[in-house]
Amino acid sequence: MIDIVINITLLAFLAITSVAIVRMTNLFAIVMLFGIFSLLSAGLFVVMDAPDVAFTEAAVGAGISTVLMLATLALVRRPQKPFYAEAPSSHRAWLPLIVVAITASALVYGTRDIPGFGAPGAPAQTHVARYYIENALPETGVPNIVTAVLASYRGFDTLGEVTVIFTAAVAVLLLIGGRRPKSPVKTKDEGKQDEA
Amino acid sequence: MRPNLILHVVAKFVIPLIILFALYVQFHGDFGPGGGFQAGVIFSTAFILYSLVFGLDTAEKIIPSHWLRILAALGVVIYAGVGVVSLLLGGNYLDYTLLGSNQIAGQHLGILLVELGVGITVAAAMLILFFAFAGRGRD
């Protein structure tokens, strides 16, 4: 019962935050609201008994990415004014409304086939999950099944993930890392050499 | 940077706790929620908080950026190295069973080392990202 109340409260806050993000034009405030959105999602994951995911969401979504976005905002230093004073009137509002309504009804229709949360007959529980739950502790001696799957059973996947993170760091370093080179002001001699 | 007494005192109080929590998440990930990814991110937030409060130059004195590049590669090397060691011991790649005296000990050691590699790479990569973005506007 209390779970339902917490779920509804968190989801309502998520909806309010997203509406606020859509309607806001101040980029600084939007970044802050993104952080709040991530924190609320982390709370939702905790309610769904996924503390590992909640950890990541709170640390990466609410912490690091907010800081990175703020750093980017400080970097571009544009006046954060909206491009349009109001939405352009070249298209009518009903067209996107119809698209959203059709998509939403399709999604809601799709949820009718989704098995209930934690239902024992759900495909997620009947495939390999049973093997992990029964064998993870005797085979690896690690009580946290998530860690056992992540580091041992799916070690190859995790190696790939770590390599992706390393590659991302290398890519960022290549793109914007290091000191910015001095602006290429040519001395008189060099300019003459270029002409020649 | 404008000195701000309250921020400085609070940050000095909080940063050791964040690092301690990161180490707990790292090495207790076998038993509780957490692991290398989360621990690495939490670890890097301690240094990001430090550089936000005390300035980027002070933070780069603590962790020079060339160290970070070495550390980011070192984590991947540790991870892949565990696989190579298990290969040399006669097992499959990333099969930790042969690392210890029995299967449980081997798996435990392998998971610990692999998570350590993940944590080092993630922490270093996050700090590289932050320093790259935050250091871009200066100089």
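In table form, for the structure just shown:
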item	result
Per-residue mean of C-beta atoms belonging to partner chains within 10 Å, peptide A:63-75	5
Mean residue ellipticity (222 nm) of chain B, computed from DSSP H runs ≥ 4 via -39,500 (n - 2.57), nearest 500	-26000 deg cm²/dmol
Exposure proxy order (Cβ contacts within 10 Å, fewest to most) of B:His108, B:His66	B:His66, B:His108
Residue among B:Leu17, B:Ala39, B:Tyr96 farthest towards the positive dipole end of chain B, charges placed on Cβ	B:Leu17
Separation in nanometres of the label points that stand 7 Å from Cα toward Cβ, at A:Val19 and A:Ala74	3.4 nm
Kirkwood hydrodynamic radius (C-alpha pairs) into Stokes-Einstein, the stretch B:93-139, 25 °C and 0.890 mPa s, D in µm²/s	193 µm²/s
Under the Debye formula (equal points on every Cα, no solvent term), log10 I(q)/I(0) of the stretch A:1-73 at q = 0.15, 0.19 Å⁻¹	-0.51, -0.77
Net +/- balance of residues flanking B:Ile111 in space, Cβ distance below 13 Å, scoring K and R +1, D and E -1	-3
Ascending count of other beta-carbon atoms within 10 Å, so fewest first, for A:Ser18, A:Ser38	A:Ser18, A:Ser38
Size descriptor, Kirkwood hydrodynamic radius, that averages inverse alpha-carbon separations across the stretch B:8-89, Å	14.4 Å
Whole-number D in µm² s⁻¹ for the stretch A:122-179, Kirkwood Cα-pair radius fed into Stokes-Einstein, 20 °C, 1.002 mPa s	157 µm²/s
Selection from B:Trp67, B:Ser86, B:Val118, by position along the positive dipole direction of chain B (Cβ)	B:Trp67
Cα-Cα pairs of the protein assembly as shown separated by more than 26 Å (percent)	62 percent
Charge sum, other residues only, whose C-beta stays under 15 Å from A:Leu44's C-beta, Lys/Arg counted +1 and Asp/Glu -1	-4
Proxy reagent accessibility, fewest Cβ within 10 Å first, across B:Phe47, B:Phe130	B:Phe47, B:Phe130
Within 10 Å of each Cβ in B:117-130, the average number of Cβ atoms from other chains	5
Cα centre as origin, Lys/Arg/Asp/Glu Cβ charges: the protein assembly as shown dipole, Debye	1440 debye
Angle in degrees between helix B:5-27 and the longest Cα principal axis of chain B, rounded to the nearest 10	10 degrees
Estimated Rh, the stretch B:48-139: Kirkwood, alpha-carbon pairs, angstrom	14.8 Å
Span per principal axis, largest first, for the Cα atoms of the stretch A:1-156 (Å)	63, 40, 35
Peptide B:44-54, shielding by other chains (average Cβ, 10 Å cutoff)	2
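Every number here is computed from the coordinates shown, using simple stated rules; none is lab data. None of the values given here were measured: they were computed from a predicted structure. A quick note on method: Cβ atoms are made from the backbone with ideal geometry, for glycine too, and the neighbour counts reach across all protein chains shown.
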